[in-house]
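Each remark here refers to the structure printed beneath this line.
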């Protein structure tokens, strides 16, 4: 196999500030020759747009007067040249040509969109995102320590992070091509940068290329990186090989042809592939197995795939028949599989005076070895734990790549497009990857906040958290993290968790892990303290709704929440096991109002003297008919609250809350005037309630609040606003609600608005 690098015209990489007109013209001629070779690789595709992009990029490079870190045109040509040998489509080649030009600011994203469409724009933007992450990785000093010490357990998240920013395999290919070209040009850089980039590529990008099955990039990345990291060892092994890679590849092709002929004579239909072990792979095996060079028998290897197990052993016999077997170099992993489930036949022979390893397995065994539980890349990378979500993602990317290459090679019919789209299934990969303050990579579920991150780092970090910074910028604790961001958590020793963190609607916590840690902390607190805090929470809510605490008996709700006593309900409010909203829902239902019912259609107000079954206020009076009713202004009861009637001298019956002080006083003095009253099961009209809102005065405050009220389909009958000199605005609103549940929901939403100090129900005397 002739490498991509050898086929690239030299003049295309030699443009500089001193470029002459003659040199530029020659470069254009070389560009035309290069385009013809690319067309040949892509089965004669016209590539008219690619030609236009290449000429335009060359022109811009010649016209620019700004010194860039690299020649954008040469880099683009080099990347596109690498990708052409992978049989990618024209849009991918165009994106590769444009990537470095856009990154250096010579070409804008708007220009890319206008000239080449959304497809190319998406590829360029995806590659820019991966490039941004690469810069963060390269600048991260903590990762530098991990690279130096080869601490793979701290580095496995890096290429997961790179994969997570895109769902298009072509973006990954462009990035791999960019790193390959970067490594080829690294000889001009300082030694420190050579070693840093080489370690990064050896740890991240070569395993990624391996997992995607791109062997021609993998071996080049590993060998070039190894040459920069250990030049003496590289030269030593290269000398021991005593042959060029091209010669070894010619040898492999020769023995493949010989074996195919022998198998065909015996009627065996087999798929045979070969590979030559590259220098870094040789070094790695010598080091891991503690072997000398002459003890390696798999420098050259064949892999034979057949349909079933009997054919495996049949092929083994043919191999030993045509080539001399090397003693003690046979392993039967079919009869005795490895611990991870790997199955295959391994033998070593002397073929044409050279050692050759032959692996024989069925197609099913091969799929398990490549992508299954015994995957080859897990073995090579020394991974102890399997990330099934990530492996599924890589499997999907690899399947797309293989299908894509096959489609380009065979010119598949349009009917295959639907199947191609179905391969791109990435729903199981719902993770984000962020950097800690020290540079470690943390994996979190998508949607995690900075507070989730704090508890992920350590429980005490989360408990003592009071602020956070993302990319050196202060953010609220509810900030949703994105891949590639660096997070710093600020803590205080005397800081304790806030109970608002457990309120789902406020958005502090998204992960079950953080929520469980919070709940455990609250459970560990003193029971009496929790009782006190829980009672304060409940009392505050009842006061906001103008409900007397003594009208609520928590023991009535023990059965619903599966607790032993009312005190356990209060403790549940503190720990987060019982939400305040759920408790108030049960209070509403206990008052014969179901919050989950569909909203009722408001009927027009009836004659106040209508019959008791259809009274103006939806109230039933025991023993009285055709009597005038009115709601007492001293307590203003709302549908669902316990009520009673009082016969007045000239206004009929006044309706009070049973706990109203005025009502209690009047019926104590004149008990004969008291009558039983109750609400109808369904109110026929909205009820007037007065609420008072205290807030910091600002432009648009009233507009924002009225929008919240109208969103609940609540009618506003009267508004009174007073702005004080201290910047505090007091607003009194008369609204119509359908009951206590709707009022509770509205007050809670109002208090969540920016700048609101309090929102509560107003009754006479409060």
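The values are calculated or read from the model by the stated rules, or taken from the named source; none is laboratory data. Bear in mind that the values here come from a model prediction, so they are computed numbers and not experimental data. Heads up, the Cβs are rebuilt from the backbone with ideal geometry, glycines too, and the neighbour counts pull from every protein chain shown.
The single condition among (1) at negative phi; (2) not assigned by TED's automatic domain parsing to the domain that holds residue 439 that residue 562 does not satisfy is (1). Check whether at least one residue in region 441-450 is buried (at least 18 other Cβ atoms within 10 Å of the Cβ), more than 24 Å from residue 132 (Cα to Cα) and modelled with pLDDT of 90 or more, and report yes or no. No; the residues of region 441-450 include none that is buried (at least 18 other Cβ atoms within 10 Å of the Cβ), more than 24 Å from residue 132 (Cα to Cα) and modelled with pLDDT of 90 or more. One residue stands out among those in region 661-696 that are crowded, with 21+ Cβ neighbours inside 10 Å and more than 55 Å from the chain's Cα centre (by Cα): the one that is modelled with the lowest pLDDT, which is 677. Of the listed requirements (1) at pLDDT 80 or above; (2) out of contact with any strand residue (DSSP E or B) (no Cβ under 8 Å at 6 or more places or on another chain); (3) more than 29 Å from residue 173 (Cα to Cα); (4) not in a strand (DSSP E or B), residue 365 misses just one: (3). From the set of residues in region 86-114 that are out of contact with any helix residue (DSSP H, G or I) (no Cβ under 6 Å at 6 or more places or on another chain) and touching a residue at least 60 places away in the same chain (Cβ under 8 Å), which is farthest from residue 213 (Cα to Cα)? Filtering region 86-114 for residues that are out of contact with any helix residue (DSSP H, G or I) (no Cβ under 6 Å at 6 or more places or on another chain) and touching a residue at least 60 places away in the same chain (Cβ under 8 Å), the one farthest from residue 213 (Cα to Cα) comes out as 89.
Of the set (1) modelled with pLDDT under 80; (2) crowded, with 23+ Cβ neighbours inside 10 Å, all apply to residue 83 but (1). Can you name the number of the only condition in (1) surrounded by fewer than 16 Cβ atoms within 10 Å (Cβ to Cβ); (2) more than 20 Å from the chain's Cα centre (by Cα); (3) not in a helix (DSSP H, G or I) that residue 516 fails? The one condition residue 516 does not meet is (3). The lone criterion from (1) over 24 Å from the mean Cα position of the chain (by Cα); (2) in a helix (DSSP H, G or I); (3) in contact (Cβ under 8 Å) with a residue 60 or more places away in the chain left unmet by residue 213 is number (2).
Only one of the listed residues (62, 136, 98) is modelled with pLDDT of 85 or more and either assigned to a helix (DSSP H, G or I) or farther than 21 Å from residue 202 by Cβ (or both). That residue is 98.
One residue is enough: does region 566-576 have a residue meeting the conditions in the same structural domain as residue 533 (by TED's automatic domain parsing), modelled with pLDDT of 60 or more and part of a loop (DSSP other than H, G, I, E, B)? The answer is yes, given that some residue of region 566-576 is in the same structural domain as residue 533 (by TED's automatic domain parsing), modelled with pLDDT of 60 or more and part of a loop (DSSP other than H, G, I, E, B). The strands (runs of 3 or more DSSP E) found entirely in region 631-733 that carry 3 or more residues being closer than 26 Å to residue 589 by Cα and touching a residue at least 24 places away in the same chain (Cβ under 8 Å) are 643-647, 653-657, 674-679, 687-696. When residue 518 is tested against (1) over 13 Å from residue 459 (Cα atoms); (2) touching a residue at least 60 places away in the same chain (Cβ under 8 Å), just one condition goes unmet, and that condition is (1). Just one of the listed residues (62, 123) is closer than 11 Å to residue 174 by Cβ and assigned by TED's automatic domain parsing to the domain that holds residue 180, namely 123.
Quick check on region 269-285. Is at least one of its residues surrounded by fewer than 16 Cβ atoms within 10 Å (Cβ to Cβ) and within 28 Å of residue 170 (Cβ to Cβ)? Looking for residues that are surrounded by fewer than 16 Cβ atoms within 10 Å (Cβ to Cβ) and within 28 Å of residue 170 (Cβ to Cβ), one finds at least one in region 269-285, hence yes.
Scanning region 227-242 for residues that are modelled with pLDDT under 85 and surrounded by fewer than 12 Cβ atoms within 10 Å (Cβ to Cβ) gives 239, 242.
Taking region 36-51 as the range and being more than 16 Å from residue 116 (Cα to Cα) and in contact (Cβ under 8 Å) with a residue 60 or more places away in the chain as the test, the residues that pass are 42, 43.
Take the conditions buried (at least 16 other Cβ atoms within 10 Å of the Cβ), modelled with pLDDT of 80 or more and either farther than 30 Å from residue 367 by Cβ or not assigned by TED's automatic domain parsing to the domain that holds residue 299 (or both) and apply them to residue 200. Does it pass? Here the answer is no, as residue 200 does not meet what is asked. Is there a residue being at pLDDT 85 or above, in contact with a strand residue (DSSP E or B) (Cβ under 8 Å, 6 or more places away or on another chain), in a helix (DSSP H, G or I) and within 22 Å of residue 85 (Cβ to Cβ) anywhere in region 243-251? Yes, because at least one residue in region 243-251 is at pLDDT 85 or above, in contact with a strand residue (DSSP E or B) (Cβ under 8 Å, 6 or more places away or on another chain), in a helix (DSSP H, G or I) and within 22 Å of residue 85 (Cβ to Cβ).
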